[in-house]
Amino acid sequence: MAQSYNTVIIIGAGVSGIAAATKLLKNNFNNFIILEAENRIGGRIQTLPFGDGHIELGAQWIHGEEGNVVFQMASAQNLVSDKRETIQQFINSTFVTSSGSEIKSNHLRDYLKVAYSVFDDSPKDDLERFMSLGELFQKRVENVLVDTEELPLKQFINWCQHYQNSYNGSDSWFEASAINIDTYKSCPGYPAISWKSKGYSTVIDLMQEKFNDEVEDLHIKDKVIFGKEVVKIYWSGDQAEVLCADNSRFKAQCILTTMSLGVLKNVCNELFEPELPEYKLKAIQNLGIGTVDKLFLKFPYSWWSENTTGFSFLWSDDDREKFIKENKRRGWDYLCDVFGFYICDNCPDTLLGWIVGPAARNMERKSLDEIKIGLMYLLNKFLGDTYTIPFPDLVTRSQWGSNSHFYGSYSFHSMNTDKEGKANSELAKPLINSDGKNILLFGGEATHSSYFSTVHGAIETGWREADRILEQFIE
């Protein structure tokens with residue numbers, strides 16, 4: 001197919017690519033295009049209408065307030081919820097065992113507070129720094145939490161692992177390094193803030209509005225070419241070239257890729273020609289990314305108690321083994337890793353279930369009808385003795401692990417990541433051509449040294465790379 005030439009090509013219309021584009025347009029730099037493999041803008045931000053409200057298939061919360069560009073933009077437009085109850089939603093949820101018994105131990109809330117505070121303090125010595133988050137958790141709670149008949153400790157810790165994995169982005173907390181406590185920087189303020197209305201996709205509009213006073217007729221969508229899955233990036237010589245799966249080709253003086261870490265891990269050896277430098281391949285290999293998925297059930301009415309914030313599931317080993325054995329032909333083993341269902345913000349009569357790791361990727365292979373039947377079986381197993389649960393009107397789920405345009409949810413520092421946390425900055429380093437000019441740039445949340453895994457981190461990397469482009473091409 002005919003080749004197209006632009007000064008700059010941005011690969012990916014996720015929040016990082018859009019952030020770069022808005023800053024370029026603000027500075028009157030127009031000679032660029034955005035190649036997007038999906039048929040939409042947003043990347044791992046995806047807000048969908050669902051029933052009488054909307055849901056977030058991807059990014060869920062604004063993490064922190066002070067220094068968080070998302071919070072600053074959203075709060076200025078009065079789009080941030082006044083509620084600060086996200087953490088309490090989990091803490092105050094009803095904990096139920098796999099035998100259908102509600103945990104009513106007086107120790108439960110105390111145990112939850114201990115569990116939530118375990119990772120507040122930095123690793124205190126080299127022994128802890130070289131531990132995984134799972135090992136560190138076990139070390140710090142071994143003399144604090146005590147097994148009781150009313151509150152089975154092993155079941156509780158297993159739930160804590162699933163919760164922590166959903167927060168950290170790892171398949172297992174034994175894969176995540178304890179250095180995450182220090183290398184990930186939290187923005188001061190409440191750590192998980194919901195949107196008041198409209199949802200996370202609003203952030204794309206907010207970035208565009210941020211520059212509308214200075215740039216007339218700024219239309220990011222006009223710069224995006226959808227359905228362009230990049231399969232080859234040639235970056236030697238004084239020009240770069242991109243080859244797409246449909247055989248279309250695009251040339252430019254500089255390419256900014258904002259592909260997810262998951263994609264880079266899966267295709268980097270075939271994607272780039274020449275091959276990336278060893279230090280960058282090592283950074284890609286050693287950073288971690290897991291799968292965190294969501295399951296949404298919209299019911300004809302709210303069948304749970306008015307004060308209920310959600311339900312957290314505690315499996316015993318025996319019940320789990322029996323369940324998997326009895327339902328082996330149905331392939332329901334993934335249901336044992338749905339660690340709870342919680343009230344869904346901005347979507348009435350809807351519960352949000354969380355699932356992580358290999359079980360999440362297993363779930364992604366199931367049809368929605370299979371998932372609906374399985375989740376109803378699960379809910380009735382845990383809650384059927386207490387509630388009469390109607391069949392849901394609507395069911396949907398995310399599929400971040402199997403989608404070849406993402407291959408995962410968000411990044412973390414694995415046990416293979418250097419203990420100084422330099423891998424993100426190594427991934428972010430630009431590659432130069434023979435003339436010493438930047439020819440291949442890297443953006444996206446995994447390239448942020450402090451705010452990896454977050455939307456505000458992704459936005460900052462887009463702005464960072466736009467500054468590099470402007471410095472190179474604007475005199």
Near pairs, Cβ below 9 angstrom, 6+ apart or cross-chain, from segment 434-452 (closer than 30 Å to residue 176 by Cα) to any residue that is among the basic types (Lys, Arg) and open to solvent by less than 10 Å² (accessible area, probe 1.4 Å): 442/280
Selection count where residues are in contact with a helix residue (DSSP H, G or I) (Cβ under 7 Å, 6 or more places away or on another chain), open to solvent by 10 Å² or more (accessible area, probe 1.4 Å) and either of a type in the set (Asp, Glu) or assigned to a helix (DSSP H, G or I) (or both), scope segment 17-36: 1
One residue from 426, 471 being more than 25 Å from residue 42 (Cβ to Cβ) and surrounded by fewer than 16 Cβ atoms within 10 Å (Cβ to Cβ): 471
Lone qualifier among 291, 258 - being farther than 19 Å from residue 36 by Cα and either of a type in the set (Ser, Thr, Tyr) or at pLDDT below 95 (or both): 291
Positions within segment 1-16 being of a type in the set (Ser, Thr, Tyr) and part of a strand (DSSP E or B), in sequence order: 4, 5, 7
Exclusive hit being open to solvent by less than 50 Å² (accessible area, probe 1.4 Å) and either within 14 Å of the chain's Cα centre (by Cα) or closer than 16 Å to residue 290 by Cα (or both), set 457, 421: 457
Residue 172, sole failed condition from (1) among the small types (Gly, Ala, Ser); (2) in a helix (DSSP H, G or I); (3) under 18 Å from the mean Cα position of the chain (by Cα): (2)
Those strands (runs of 3 or more DSSP E) lying entirely in segment 176-266 with at least 3 residues crowded, with 21+ Cβ neighbours inside 10 Å: 249-257
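Answer yes or no as to whether residue 381 is surrounded by fewer than 16 Cβ atoms within 10 Å (Cβ to Cβ) and not hydrophobic (A, V, I, L, M, F, W, C). Break it down into steps so the answer makes sense when it comes.
Values: surrounded by fewer than 16 Cβ atoms within 10 Å (Cβ to Cβ): no; not hydrophobic (A, V, I, L, M, F, W, C): yes.
Judged against the criteria, residue 381 is not a match.
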Cβ pairs under 8 Å, 6+ apart, first in segment 133-159 and small (Gly, Ala, Ser), second open to solvent by less than 40 Å² (accessible area, probe 1.4 Å): 134/161; 134/172; 134/173; 134/176
Cross-chain or 6+ apart pairs with Cβ under 7 Å, segment 114-130 first and closer than 17 Å to residue 421 by Cβ, then at pLDDT below 90: 129/419
Count of residues meeting criterion [of a type in the set (S, T, N, Q) and either in contact with a His (Cβ under 8 Å, 6 or more places away or on another chain) or part of a loop (DSSP other than H, G, I, E, B) (or both)] in segment 271-313: 6
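Any idea which residue in segment 295-336 is nearest to residue 52 (Cα to Cα), counting only those that are among the acidic types (Asp, Glu) and free of Cβ contacts under 8 Å to residues at least 12 places away in the same chain?
Narrowing segment 295-336 to residues among the acidic types (Asp, Glu): 306, 317-319, 321, 326, 333.
From what's left, free of Cβ contacts under 8 Å to residues at least 12 places away in the same chain: 306, 318, 321, 326.
Working: 306: 19, 318: 40, 321: 38, 326: 37 Å.
Step by step, filter segment 295-336, then rank; the result is 306.
Of all residues in segment 324-344, how many are assigned to a helix (DSSP H, G or I) and either closer than 12 Å to residue 93 by Cβ or open to solvent by less than 10 Å² (accessible area, probe 1.4 Å) (or both)?
Number satisfying all stated conditions: 3.
Could you please find all residues in segment 148-185 being more than 19 Å from residue 287 (Cα to Cα) and of a type outside the set (A, V, I, L, M, F, W, C)?
Hits for segment 148-185 are 148, 149, 150, 152, 154, 155, 158, 161, 162, 163.
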Residue that is nearest to residue 347 (Cα to Cα) [pool: residues in segment 57-82 that are in contact with a His (Cβ under 9 Å, 6 or more places away or on another chain), open to solvent by 30 Å² or more (accessible area, probe 1.4 Å) and assigned to a loop (DSSP other than H, G, I, E, B)]: 63
Test: residue in segment 37-48 that is part of a strand (DSSP E or B) and either over 18 Å from the mean Cα position of the chain (by Cα) or on the phi < 0 side of the Ramachandran plot (or both): yes
Inter-residue pairs, beta-carbon under 8 Å, first among the small types (Gly, Ala, Ser) and in segment 45-63, second not in a loop (DSSP other than H, G, I, E, B), 6+ apart: 51/298; 51/350; 51/394; 53/350; 58/42; 59/455
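So if I check each of 291, 309, which one is among the hydroxyl-bearing types (Ser, Thr, Tyr), touching a Phe, Trp or Tyr at 6+ places or on another chain (Cβ under 7 Å) and open to solvent by 30 Å² or more (accessible area, probe 1.4 Å)?
Working: 291 fails: open to solvent by 30 Å² or more (accessible area, probe 1.4 Å).
Only one candidate qualifies: 309.
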Residue match in segment 296-306 (condition: hydroxyl-bearing (Ser, Thr, Tyr), surrounded by fewer than 16 Cβ atoms within 10 Å (Cβ to Cβ) and closer than 23 Å to residue 87 by Cβ): yes
Helices (runs of 4 or more DSSP H) contained entirely in segment 83-152, each with at least 3 residues that are within 27 Å of the chain's Cα centre (by Cα) and either buried (at least 17 other Cβ atoms within 10 Å of the Cβ) or aliphatic (A, V, I, L, M) (or both): 86-91, 108-117, 133-141
Test: residue in segment 400-410 that is part of a strand (DSSP E or B), farther than 26 Å from residue 186 by Cα and open to solvent by 30 Å² or more (accessible area, probe 1.4 Å): no
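The values are calculated or read from the model by the stated rules, or taken from the named source; none is laboratory data. Quantities reported herein were computed from a predicted structural model and do not represent experimental measurements. Positions of Cβ are backbone-derived with ideal geometry, glycine not excepted, and every protein chain shown enters the neighbour counts. We work out accessible area using only protein heavy atoms, side chains counted, and drop any ligands, DNA or RNA first. Shrake-Rupley method; radii C 1.70, N 1.55, O 1.52, S 1.80 Å.
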